[in-house]
Amino acid sequence: MSQALSYYLDHFGLRERPFALAPDPEYLFWSPEHRGAFAMLDYGLSTRAPITLLTGEIGAGKTTLVHHFIDNLDDDVTIGVISNARPGVNDVLRRVCAALSLEVPAGVDSSDLFSVIQTFLVARHKDAKRVLLVIDEAQNLNRDALEDLRMLTNINAGRDEVLQLLLVGQPELRNMVRRPDLVQFAQRVAASYHLPRLDAAATGGYIASRIRQAGGNPGIFSRQAAQLIHEATDGVPRLINQLCDLALTYAFAAEMPMVKRDVVAQVLRDGVFFGAQGRSDA
């Protein structure tokens, strides 16, 4: 830890940075919308939905929520995660194999990959294990990749489907699934939720929650500062983190005991917050 950061934490009575950018389930803020999204994820898994969609703007907290969901699953669920989906039919099947730790000989084609996955899924079912495949950034997948994934959800053992998909992506994922040439895929989507941006009140609650989790006093940020942070970030959690971290640094440098609106305004005027999209506070 750098000396400057150590002073920043000591100055505000924090044991760690409250606004780090890396997803951390311990810092998950349970807004009503996040609770609704989590309930839908749980519903999709418990009802054996073939495909569940979770969408939201960039930085809305989707990955953090999914990590929390995965961390709380029972041992009877085998989980595979593709953290950064890329287009390509063969590529997506190979990445499914890698996510499920399946060994695949070099030079095999898509039908061979499908067979390897099918054998694994049926074996898991015989062991009374469910398999959940999570694909993040799923809006990057092309039509053929989505069709290959749909075909995987058609694998069954008797009356039971042996694979469930959780596709996580930006809002355009919902539009992709609604395309006429993906109607069969859409029919397999049994649960979905769109995670919106935080409103002004939720932004204040989010800031206070993260400060509290880091061991500090939620009152470090004034209500007026939180309001300006909401205006500058449009309620996107990742941007809120960036701006709050900068505001804490500015307040520490000025030896101020809390972050007031003027501090946030100075950060915006200085142009060091690139998420502001040209906004400033007069």
*Answer yes if at least one residue in region 51-59 is in a strand (DSSP E or B), under 15 Å from the mean Cα position of the chain (by Cα) and more than 12 Å from residue 135 (Cα to Cα), and no otherwise.*
yes
*asked:* Out of the residues in region 164-179 meeting the condition of being modelled with pLDDT under 95 and more than 16 Å from the chain's Cα centre (by Cα), tell me which one is nearest to residue 125 (Cα to Cα).
replied: 177
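Could you list, in sequence order, the residues of region 252-267 that are in a helix (DSSP H, G or I) and free of Cβ contacts under 8 Å to residues at least 40 places away in the same chain? Spell out the reasoning first.
Filtering region 252-267 down to residues in a helix (DSSP H, G or I) leaves 252-253, 261-267.
Correct list: 253, 261, 262, 263, 264, 265, 266, 267.
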*Test: residue in region 147-156 that is under 22 Å from the mean Cα position of the chain (by Cα), closer than 28 Å to residue 71 by Cβ, of a type in the set (A, V, I, L, M) and buried (at least 17 other Cβ atoms within 10 Å of the Cβ)*: yes
*Only one of these conditions is not met by residue 130: (1) surrounded by 19 or more Cβ atoms within 10 Å (Cβ to Cβ); (2) modelled with pLDDT of 95 or more; (3) not hydrophobic (A, V, I, L, M, F, W, C). Which number is it?*
(2)
*asked:* Among the residues of region 118-126, are any surrounded by fewer than 20 Cβ atoms within 10 Å (Cβ to Cβ), of a type outside the set (D, E, K, R) and part of a loop (DSSP other than H, G, I, E, B)?
replied: no
*Considering region 251-282 alone, what residues qualify as being modelled with pLDDT under 95, under 19 Å from residue 219 (Cα atoms) and of a type in the set (Val, Ile, Thr)?*
none
*Within region 227-250, can you find the residues that are of a type in the set (Gly, Ala, Ser) and at pLDDT 95 or above?*
232, 247
*Restricting attention to region 69-105, which residues are at pLDDT 90 or above, out of contact with any helix residue (DSSP H, G or I) (no Cβ under 7 Å at 6 or more places or on another chain) and either of a type in the set (Lys, Arg) or not in a loop (DSSP other than H, G, I, E, B) (or both)?*
70, 77, 95, 98, 99
*From the set of residues in region 182-207 that are farther than 16 Å from residue 59 by Cβ and within 16 Å of the chain's Cα centre (by Cα), which is surrounded by the fewest Cβ atoms within 10 Å (Cβ to Cβ)?*
192
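Which residues, taken from region 51-64, are at pLDDT below 95, farther than 11 Å from residue 136 by Cβ and not β-branched (Val, Ile, Thr)? Reasoning before the result, please.
Within region 51-64, the first condition is being at pLDDT below 95, and the residues that meet it are 56-64.
Subsequent filtering for residues that are farther than 11 Å from residue 136 by Cβ retains 56-61, 64.
Those that are at pLDDT below 95, farther than 11 Å from residue 136 by Cβ and not β-branched (Val, Ile, Thr): 56, 57, 59, 60, 61.
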*When you go through 223, 143 one by one, which is the residue that is farther than 23 Å from residue 266 by Cβ, of a type outside the set (Gly, Ala, Ser) and either surrounded by fewer than 20 Cβ atoms within 10 Å (Cβ to Cβ) or in the same structural domain as residue 265 (by TED's automatic domain parsing) (or both)?*
143
*Only one residue in 33, 26, 57 is closer than 23 Å to residue 229 by Cβ, touching a Leu at 6+ places or on another chain (Cβ under 7 Å) and of a type in the set (Asp, Glu), so which one is that?*
33
*State the number of residues belonging to region 5-31 that are touching a residue at least 12 places away in the same chain (Cβ under 8 Å) and part of a helix (DSSP H, G or I).*
8
*Out of (1) part of a helix (DSSP H, G or I); (2) assigned by TED's automatic domain parsing to the domain that holds residue 78; (3) touching a Ser or Thr at 6+ places or on another chain (Cβ under 8 Å), the odd one out for residue 240 is which?*
(2)
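The values are calculated or read from the model by the stated rules, or taken from the named source; none is laboratory data. None of these values were measured; they are calculated from a predicted model. Here the Cβ is made from the backbone with ideal geometry for all residues, glycine too, and neighbour counts use every protein chain on show.
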